[in-house]
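S.K.: Quick one: the structure is below, questions incoming.
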Amino acid sequence: MRLVHLADIHLGFRQYQRQTPVGINQREHDVAKSLERVIDAVIKLQPDLVLVAGDVFHTVRPSNPAILTAFLQFERLRRMLPEAGIVIVAGNHDTPRARETGCILGLFRQLGIIVIEGEPKWVSIAEHDLAILAVPDMGQGKPRLEPDPNAKYNILLLHGEIEGVLPKYGRELDRSPMEITLEELGAEKWDYVALGHYHVYRPVAQNAFYSGSLDYTSTNPWGEMAEERDAGIEGKGIIEHDLANRTHQFHAIAPARRWIDLAPLSGAGLSPASLDEAIRDALDRCDGGIDEKIVRLVVRDVPRHILRELDHKALREYKRRALHFHLDTRRPEIVRPEKGEGAPGRRASLADTVRDKLRSRSLTENIDREALVELGLHYLREADLVAGPTGEESVA
């Protein structure tokens, strides 16, 4: 008894301002192509059961192209796997705030797909002696999660957040989902727990998993990529699980468009020309080039005056070539004197403050720090002479 578990398709997701030749947002088109790749992979695996753990669409009122894509792809899945069970639960992005509005997922019932929205329901697949408790996003309230004692296999299919499991940025989504504690989940009671909502493949227990999203459609895609790298995950994909043999495999399926997070640079001490060169070299070394890709380059320790003097014509050209190029520049951290420094009971003079600021400031490579400090103190002395005596300590 083999199943495939996928989630968080987010059809209709839009990002950036590029459009296809027919006027569809390019990222919306990308997400549709990513789903097509996944359906190809599911058909190739020929599972007995397909579980979709919510967020088929990005909004409760998706665009017409998103609806058409979903219908065509699920129709193809149903046609190519006529004997397989297909079960979908509604996620928080699929679920209207007002129940009388209705859920778009009901459209797929005419394809012979089981759709659960509004409240939990049991789904029985008699030929496999299998019971599925399908739990959609409920907004308010929590269901009682207990397996069916009369079934050989029990599966929990749920869209929600397992409390205390996800990193902080994983919770910063458009709409808060239902929260379930690990104790309420009771993963040990089930043969398999298929979870949706979090966009990175992640085990919650030995038999409970988030399958992750099919494309980078969250509010923090770079955070997703960092977690995938840290965990040794190849990216997006689907889960194949065998209930009888208790075997489990994550199948990585690359999204339709490539995302590249380049190695960060340090701009400390660099002149505008040197930083321009470093940025150009980083992009030139990008595997396969940056054209039509989504690219980020983090550059730390860039003072504001250096940022203003960068070659903005070159930056505009990088943005034209890539689908999206994000130069993420970060100013130097402010170095503050430790508490207790200086003579006890003595307030730092203006000269002390100027000296400390200039000695801790990030400088470009062609500036002599001590000469700058002396010049600053010189100007301060000149200002004192113009202003006349004020009782402030003289500049040393």
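The values are calculated or read from the model by the stated rules, or taken from the named source; none is laboratory data. Please read these numbers as outputs of a predicted model, since none were measured by experiment. Cβ sites come from the backbone with ideal geometry, for glycine too, and all protein chains shown count toward neighbours. Areas reflect the complete protein model, heavy atoms only, side chains present, ligands, DNA and RNA absent. Shrake-Rupley method; radii C 1.70, N 1.55, O 1.52, S 1.80 Å.
S.K.: When the chain is treated as a GNM, springs tying every alpha-carbon pair under 10 Å, which of ALA252, ALA126, ALA84 comes out with the largest mean-square fluctuation?
M.R.: In the Gaussian network model the winner is ALA126.
S.K.: Can you tell me what the convex hull of the Cα atoms of region 27-109 projects to on average, as an area in nm²? Walk me through the numbers before you get to the answer.
M.R.: Working: hull surface 21.5 nm².
The orientation-averaged projected area of the Cα hull of region 27-109 comes to 5.4 nm².
S.K.: For the chain, report the accessible area per residue in Å² (1.4 Å probe, heavy atoms, rounded to an integer).
M.R.: Values: 20230 Å² over 396 residues.
Solvent-accessible surface per residue comes out at 51 Å².
S.K.: Report the gain in length on full extension from ARG300 to SER124: 0.36 nm times residue separation, minus Cα-Cα distance, nm rounded to one decimal.
M.R.: Working: separation 176, 0.36 × 176 = 63.36 nm, distance 5.54 nm.
Taking 0.36 nm per residue and subtracting the Cα distance, the gain is 57.8 nm.
S.K.: Provide GLU127, GLU75, GLU163 ordered by accessible surface of protein heavy atoms (probe 1.4 Å), highest first.
M.R.: Values: GLU127 135, GLU75 60, GLU163 90 Å².
I get GLU127, GLU163, GLU75, largest accessible area first.
S.K.: Let me ask you something else. With springs only between Cα atoms under 10 Å apart, run a GNM on the chain and tell me which of ILE253, ILE88, ILE367 wobbles the most.
M.R.: ILE367
S.K.: In Å, the Kirkwood hydrodynamic radius of the chain over pairs of distinct alpha carbons? Let's see the in-between values first.
M.R.: On the way: mean 1/r = 0.0406 Å⁻¹.
Hydrodynamic radius (Kirkwood, Cα pairs) of the chain is 24.6 Å.
S.K.: For region 13-172, count the residues as N, evaluate 2.2 N^0.38 Å, and divide the Cα radius of gyration by that value, please.
M.R.: Working: Rg = 16.8 Å, N = 160, 2.2 N^0.38 = 15.1 Å.
So region 13-172 has a normalised radius of gyration of 1.11.
S.K.: Among 56-68, 25-37, how do they line up from the highest to the lowest mean number of other beta-carbon atoms within 10 Å?
M.R.: Values: 56-68: 18.6, 25-37: 20.3.
For the peptides 56-68, 25-37, the packing ranking is 25-37, 56-68.
S.K.: Right, something else. Could you work out how much longer the chain between GLN19 and ARG359 gets when fully extended? Use 0.36 nm per residue separation minus the Cα distance between them, nm to one decimal.
M.R.: Numbers: separation 340, 0.36 × 340 = 122.40 nm, distance 4.93 nm.
My answer for the length gained is 117.5 nm.
S.K.: Give me the Kirkwood hydrodynamic radius of region 293-332, using the inverse of the mean 1/r over all pairs of distinct Cα atoms, in Å to one decimal.
M.R.: On the way: mean 1/r = 0.0934 Å⁻¹.
Taking the inverse mean of 1/r over all distinct Cα pairs, region 293-332 comes out at 10.7 Å.
S.K.: I'd like the FRET efficiency for ARG330 and LEU72, computed as 1/(1 + (r/R0)^6) with the beta carbon distance as r and R0 of 35 Å, rounded to 0.05.
M.R.: Details: r = 44 Å, r/R0 = 1.25.
Computed FRET efficiency for ARG330 and LEU72 comes out at 0.20.
S.K.: Students often check this: by mean Cβ neighbours within 10 Å, which of 231-242, 299-310 ranks highest, and how do the rest follow?
M.R.: Details: 231-242: 18.4, 299-310: 15.9.
Top to bottom by mean Cβ count within 10 Å: 231-242, 299-310.
S.K.: If you stretched the chain out fully between CYS286 and GLU163, how much longer would it get, using 0.36 nm times the residue separation minus the C-alpha to C-alpha distance?
M.R.: Numbers: separation 123, 0.36 × 123 = 44.28 nm, distance 3.85 nm.
Fully extending the segment from CYS286 to GLU163 adds 40.4 nm.
S.K.: Number of Lys-Lys pairs in the chain under 16 Å by Cα, sequence gap 8 or more or different chains?
M.R.: Details: LYS33/LYS236; LYS33/LYS293; LYS121/LYS142; LYS152/LYS189; LYS293/LYS319; LYS339/LYS357.
Number of lysine pairs found: 6.
S.K.: I want to check the label-to-label distance for SER271 and THR247. Put each point 7 Å from Cα in the C-beta direction and report it in nm to one decimal.
M.R.: Inter-label distance under the simple model: 6.3 nm.
S.K.: In whole angstrom, note down how far apart the Cα centers of region 3-66 and region 80-147 are.
M.R.: 18
S.K.: Hey, another quick one. Counting only protein heavy atoms and using a 1.4 Å probe, what share of the accessible area of region 51-172 belongs to carbon plus sulfur, as a whole percent?
M.R.: On the way: 2820 of 5610 Å².
Its accessible area is 50 percent carbon and sulfur atoms.
S.K.: Under a 1.4 angstrom probe, counting protein chains only, how are SER218, SER266 ranked by accessible area, largest first? Display every interim value, and only then the final one.
M.R.: Details: SER218 20, SER266 65 Å².
Result, largest first: SER266, SER218.
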